[in-house]
1. Evaluate region 129-152: report whether one residue or more is modelled with pLDDT of 95 or more, basic (Lys, Arg) and outside any helix (DSSP H, G or I).
2. Taking Leu145 and the conditions (1) in contact with an Asp or Glu (Cβ under 7 Å, 6 or more places away or on another chain); (2) over 30 Å from Glu186 (Cα atoms), which numbered condition does it fall short on, given that it satisfies the others?
3. Does Lys49 fit the bill of being over 26 Å from Ala129 (Cβ atoms) and part of a strand (DSSP E or B)?
4. I'd like to check something: does region 42-52 contain any residue that is over 26 Å from Pro194 (Cβ atoms), assigned by TED's automatic domain parsing to the domain that holds Leu96, surrounded by 18 or more Cβ atoms within 10 Å (Cβ to Cβ) and within 25 Å of the chain's Cα centre (by Cα)?
5. Restricting attention to region 8-44, which residues are among the acidic types (Asp, Glu) and in a loop (DSSP other than H, G, I, E, B)?
6. Output the qualifying pairs, or none if there are none: Cβ atoms under 9 angstrom, residues six or more apart or on different chains, first residue in region 198-221 and surrounded by fewer than 13 Cβ atoms within 10 Å (Cβ to Cβ), second residue part of a helix (DSSP H, G or I) and among the acidic types (Asp, Glu).
7. Before we move on, is Asn197 under 27 Å from Arg88 (Cβ atoms), part of a loop (DSSP other than H, G, I, E, B) and modelled with pLDDT under 95?
8. Considering region 114-140 alone, what residues qualify as being within 17 Å of Phe163 (Cβ to Cβ) and in contact with a His (Cβ under 7 Å, 6 or more places away or on another chain)?
Amino acid sequence: MPYRTNIAYTYDGSFSGLLCCIHESYYAKELPAAIFSYENEITTIFPVKEITTNEDFAQKVENSIISKISHEALHHVRYCYLSCAPERELIILNFLRLSYKTGRPTMNMLANDAVRKICDIARNVSGEAHKYKGFLRFSEHNGALAAIIEPKNFILPLLAPHFCDRFPAEQLLIYDKTHKHAFIYEKGQHHLLPLENFDPPPASESESTYRALWQQFYNTIAIPARLNPNLRQNHMPKRYWRQMTEFK
(Lines give C-alpha, C1' and ligand atoms only; values in the text may rest on other atoms or scores of the structure.)
Protein backbone atom coordinates (compact mmCIF):
# COMPACT_ATOMS: atom_id res chain seq x y z
CA MET A 1 0.00 0.00 0.00
CA PRO A 2 1.59 3.35 -1.06
CA TYR A 3 2.05 6.12 1.47
CA ARG A 4 -0.48 8.95 1.41
CA THR A 5 1.27 12.26 0.67
CA ASN A 6 -1.55 14.80 0.35
CA ILE A 7 -1.77 15.62 4.05
CA ALA A 8 -0.17 17.90 6.66
CA TYR A 9 0.38 17.35 10.39
CA THR A 10 0.08 19.82 13.23
CA TYR A 11 1.23 19.15 16.79
CA ASP A 12 1.76 20.88 20.13
CA GLY A 13 5.38 21.87 19.43
CA SER A 14 6.93 19.56 22.03
CA PHE A 15 9.63 16.98 21.31
CA SER A 16 7.25 14.22 22.40
CA GLY A 17 4.65 15.65 20.04
CA LEU A 18 7.11 15.53 17.15
CA LEU A 19 7.94 11.88 17.92
CA CYS A 20 4.21 11.16 17.85
CA CYS A 21 4.13 12.67 14.34
CA ILE A 22 6.84 10.17 13.34
CA HIS A 23 4.78 7.37 14.90
CA GLU A 24 1.64 8.46 13.05
CA SER A 25 3.48 8.69 9.74
CA TYR A 26 4.60 5.07 9.97
CA TYR A 27 1.50 3.44 11.36
CA ALA A 28 -0.97 5.43 9.24
CA LYS A 29 1.25 4.99 6.14
CA GLU A 30 1.37 8.72 5.51
CA LEU A 31 4.20 10.91 4.30
CA PRO A 32 3.08 14.42 5.28
CA ALA A 33 3.90 17.30 2.98
CA ALA A 34 4.27 19.58 6.02
CA ILE A 35 4.58 19.28 9.79
CA PHE A 36 4.11 22.36 11.95
CA SER A 37 3.25 23.29 15.51
CA TYR A 38 -0.01 24.94 16.53
CA GLU A 39 1.69 28.29 17.15
CA ASN A 40 3.50 28.22 13.77
CA GLU A 41 0.47 27.36 11.67
CA ILE A 42 1.06 27.64 7.93
CA THR A 43 -1.27 27.88 4.96
CA THR A 44 -1.52 24.61 3.06
CA ILE A 45 -3.75 23.20 0.32
CA PHE A 46 -3.72 19.80 2.05
CA PRO A 47 -6.05 18.62 4.80
CA VAL A 48 -4.47 19.05 8.23
CA LYS A 49 -4.41 16.23 10.77
CA GLU A 50 -3.92 17.18 14.43
CA ILE A 51 -1.53 14.78 16.14
CA THR A 52 -2.23 14.29 19.84
CA THR A 53 0.82 13.87 22.06
CA ASN A 54 0.99 10.41 23.58
CA GLU A 55 3.99 9.83 25.85
CA ASP A 56 3.86 6.06 25.31
CA PHE A 57 4.06 6.49 21.54
CA ALA A 58 6.83 9.07 21.92
CA GLN A 59 8.86 6.74 24.16
CA LYS A 60 8.32 3.91 21.70
CA VAL A 61 9.80 6.00 18.86
CA GLU A 62 12.70 7.18 21.03
CA ASN A 63 13.54 3.60 22.03
CA SER A 64 13.40 2.49 18.41
CA ILE A 65 15.86 5.20 17.36
CA ILE A 66 18.35 3.99 19.97
CA SER A 67 17.92 0.28 19.28
CA LYS A 68 17.65 0.34 15.48
CA ILE A 69 20.00 3.23 14.73
CA SER A 70 22.08 4.69 17.58
CA HIS A 71 22.27 7.09 20.51
CA GLU A 72 24.09 9.46 18.15
CA ALA A 73 21.08 9.49 15.83
CA LEU A 74 18.78 10.43 18.73
CA HIS A 75 21.25 13.18 19.71
CA HIS A 76 21.05 14.63 16.18
CA VAL A 77 17.26 14.43 16.17
CA ARG A 78 17.07 16.32 19.48
CA TYR A 79 19.48 19.02 18.32
CA CYS A 80 17.65 19.45 15.02
CA TYR A 81 14.39 19.83 16.96
CA LEU A 82 16.00 22.66 18.99
CA SER A 83 17.17 24.43 15.84
CA CYS A 84 15.67 27.32 13.91
CA ALA A 85 16.04 25.39 10.64
CA PRO A 86 13.11 25.78 8.23
CA GLU A 87 11.04 22.57 7.96
CA ARG A 88 13.07 20.96 10.74
CA GLU A 89 10.31 18.41 11.34
CA LEU A 90 10.44 17.14 7.75
CA ILE A 91 14.24 17.03 7.92
CA ILE A 92 13.95 14.78 10.97
CA LEU A 93 11.27 12.61 9.36
CA ASN A 94 13.31 12.13 6.17
CA PHE A 95 16.41 11.30 8.20
CA LEU A 96 14.58 8.71 10.29
CA ARG A 97 12.90 7.10 7.28
CA LEU A 98 16.34 6.53 5.77
CA SER A 99 17.86 5.49 9.09
CA TYR A 100 15.26 2.82 9.83
CA LYS A 101 16.14 1.23 6.49
CA THR A 102 19.93 1.43 6.73
CA GLY A 103 20.40 1.06 10.51
CA ARG A 104 23.60 1.89 12.35
CA PRO A 105 25.73 2.77 9.29
CA THR A 106 23.46 5.76 8.57
CA MET A 107 25.54 8.31 10.51
CA ASN A 108 28.49 7.60 8.21
CA MET A 109 26.48 8.27 5.04
CA LEU A 110 27.46 11.95 4.87
CA ALA A 111 27.05 12.06 1.08
CA ASN A 112 23.33 11.45 1.55
CA ASP A 113 21.36 14.69 1.62
CA ALA A 114 19.12 13.66 4.54
CA VAL A 115 22.12 12.76 6.72
CA ARG A 116 24.18 15.77 5.70
CA LYS A 117 21.35 18.18 6.51
CA ILE A 118 20.72 16.91 10.02
CA CYS A 119 24.45 16.70 10.77
CA ASP A 120 24.99 20.30 9.65
CA ILE A 121 22.05 21.51 11.74
CA ALA A 122 23.17 19.57 14.84
CA ARG A 123 26.67 20.99 14.46
CA ASN A 124 25.27 24.53 14.22
CA VAL A 125 23.15 24.11 17.36
CA SER A 126 26.03 22.54 19.28
CA GLY A 127 28.39 25.32 18.20
CA GLU A 128 26.03 28.07 19.30
CA ALA A 129 25.50 26.40 22.69
CA HIS A 130 29.27 26.08 23.11
CA LYS A 131 29.78 29.78 22.39
CA TYR A 132 27.12 30.84 24.88
CA LYS A 133 28.78 28.80 27.63
CA GLY A 134 31.61 31.31 27.32
CA PHE A 135 29.77 34.45 26.20
CA LEU A 136 26.85 34.40 28.66
CA ARG A 137 27.16 37.16 31.29
CA PHE A 138 25.36 37.00 34.64
CA SER A 139 24.43 40.03 36.71
CA GLU A 140 23.63 39.94 40.42
CA HIS A 141 20.15 41.16 41.39
CA ASN A 142 18.98 40.83 45.01
CA GLY A 143 21.09 37.75 45.61
CA ALA A 144 20.18 36.01 42.33
CA LEU A 145 22.22 35.71 39.13
CA ALA A 146 20.33 36.71 35.98
CA ALA A 147 21.35 36.68 32.34
CA ILE A 148 19.74 37.45 28.99
CA ILE A 149 20.60 35.64 25.76
CA GLU A 150 19.45 36.14 22.17
CA PRO A 151 20.31 32.89 20.37
CA LYS A 152 19.16 31.83 16.93
CA ASN A 153 18.40 28.30 18.10
CA PHE A 154 16.50 27.24 21.21
CA ILE A 155 19.64 26.25 23.13
CA LEU A 156 18.36 27.05 26.63
CA PRO A 157 17.83 23.34 27.48
CA LEU A 158 21.46 22.70 26.49
CA LEU A 159 22.88 25.58 28.53
CA ALA A 160 20.93 24.96 31.71
CA PRO A 161 22.75 21.80 32.95
CA HIS A 162 26.14 23.45 32.38
CA PHE A 163 25.39 26.46 34.58
CA CYS A 164 23.59 24.40 37.21
CA ASP A 165 26.78 22.34 37.57
CA ARG A 166 28.95 25.46 37.72
CA PHE A 167 26.80 27.32 40.26
CA PRO A 168 24.94 24.65 42.28
CA ALA A 169 24.51 26.90 45.34
CA GLU A 170 23.23 29.95 43.42
CA GLN A 171 19.81 31.15 42.31
CA LEU A 172 19.90 31.40 38.52
CA LEU A 173 17.66 32.90 35.86
CA ILE A 174 18.54 32.73 32.16
CA TYR A 175 16.09 34.49 29.85
CA ASP A 176 15.96 33.61 26.15
CA LYS A 177 14.77 36.84 24.57
CA THR A 178 14.44 35.28 21.12
CA HIS A 179 12.21 32.35 22.05
CA LYS A 180 10.49 33.95 25.07
CA HIS A 181 11.47 31.31 27.62
CA ALA A 182 13.23 31.44 30.98
CA PHE A 183 15.21 28.86 32.88
CA ILE A 184 15.00 29.18 36.67
CA TYR A 185 17.18 27.27 39.14
CA GLU A 186 17.05 27.42 42.95
CA LYS A 187 18.02 24.92 45.66
CA GLY A 188 18.39 22.03 43.28
CA GLN A 189 15.01 22.67 41.62
CA HIS A 190 14.82 23.89 38.03
CA HIS A 191 12.05 24.96 35.67
CA LEU A 192 11.85 25.91 32.01
CA LEU A 193 8.95 28.30 31.54
CA PRO A 194 7.46 30.48 28.79
CA LEU A 195 8.00 34.15 29.63
CA GLU A 196 6.91 36.92 27.30
CA ASN A 197 9.25 39.57 28.71
CA PHE A 198 11.93 40.05 31.34
CA ASP A 199 13.18 43.45 32.44
CA PRO A 200 15.93 43.12 35.04
CA PRO A 201 16.01 45.78 37.77
CA PRO A 202 18.66 48.50 37.61
CA ALA A 203 22.13 47.35 38.58
CA SER A 204 23.00 47.78 42.23
CA GLU A 205 26.09 49.72 43.29
CA SER A 206 28.11 46.54 43.85
CA GLU A 207 26.99 45.09 40.49
CA SER A 208 27.98 48.31 38.72
CA THR A 209 31.39 48.11 40.40
CA TYR A 210 31.92 44.52 39.23
CA ARG A 211 30.92 45.47 35.69
CA ALA A 212 33.38 48.33 35.69
CA LEU A 213 36.12 46.04 37.00
CA TRP A 214 35.41 43.47 34.31
CA GLN A 215 35.46 46.14 31.58
CA GLN A 216 38.75 47.49 32.94
CA PHE A 217 40.24 43.98 33.02
CA TYR A 218 39.09 43.31 29.44
CA ASN A 219 40.64 46.55 28.19
CA THR A 220 43.82 46.13 30.24
CA ILE A 221 44.76 42.71 28.91
CA ALA A 222 44.23 43.83 25.31
CA ILE A 223 47.38 44.37 23.25
CA PRO A 224 46.72 47.38 20.96
CA ALA A 225 49.51 46.40 18.54
CA ARG A 226 47.85 43.04 17.96
CA LEU A 227 44.28 44.29 17.61
CA ASN A 228 42.52 42.36 14.83
CA PRO A 229 38.80 43.30 14.59
CA ASN A 230 38.06 40.75 11.87
CA LEU A 231 39.56 37.88 13.85
CA ARG A 232 37.69 38.96 16.97
CA GLN A 233 34.40 38.96 15.07
CA ASN A 234 35.14 35.47 13.74
CA HIS A 235 35.57 34.14 17.28
CA MET A 236 32.98 36.42 18.90
CA PRO A 237 30.32 37.46 16.32
CA LYS A 238 28.67 40.83 16.84
CA ARG A 239 25.24 39.33 17.49
CA TYR A 240 26.54 38.17 20.89
CA TRP A 241 27.81 41.61 21.92
CA ARG A 242 24.46 43.16 22.92
CA GLN A 243 24.31 41.19 26.17
CA MET A 244 28.06 41.13 26.97
CA THR A 245 29.23 43.38 29.80
CA GLU A 246 32.57 44.28 28.23
CA PHE A 247 30.89 45.89 25.20
CA LYS A 248 28.48 48.13 27.15
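The values are calculated or read from the model by the stated rules, or taken from the named source; none is laboratory data. Computed from a prediction, not measured in an experiment: that's the story for all the values here. Neighbour counts run over all protein chains shown; Cβ positions are idealised from the backbone, glycine included.
1. Yes, that holds for at least one residue.
2. With (1) in contact with an Asp or Glu (Cβ under 7 Å, 6 or more places away or on another chain); (2) over 30 Å from Glu186 (Cα atoms) applied to Leu145, the lone miss is (2).
3. Working: over 26 Å from Ala129 (Cβ atoms): yes; part of a strand (DSSP E or B): yes.
So Lys49 passes the test.
4. Within region 42-52 (the criterion being over 26 Å from Pro194 (Cβ atoms), assigned by TED's automatic domain parsing to the domain that holds Leu96, surrounded by 18 or more Cβ atoms within 10 Å (Cβ to Cβ) and within 25 Å of the chain's Cα centre (by Cα)), the answer is no, since none of the residues qualifies.
5. Asp12, Glu41
6. Phe217/Glu246; Asn219/Glu246
7. yes
8. Within region 114-140, the first condition is being within 17 Å of Phe163 (Cβ to Cβ), and the residues that meet it are 126, 128-140.
The answer is Lys133, and nothing else.
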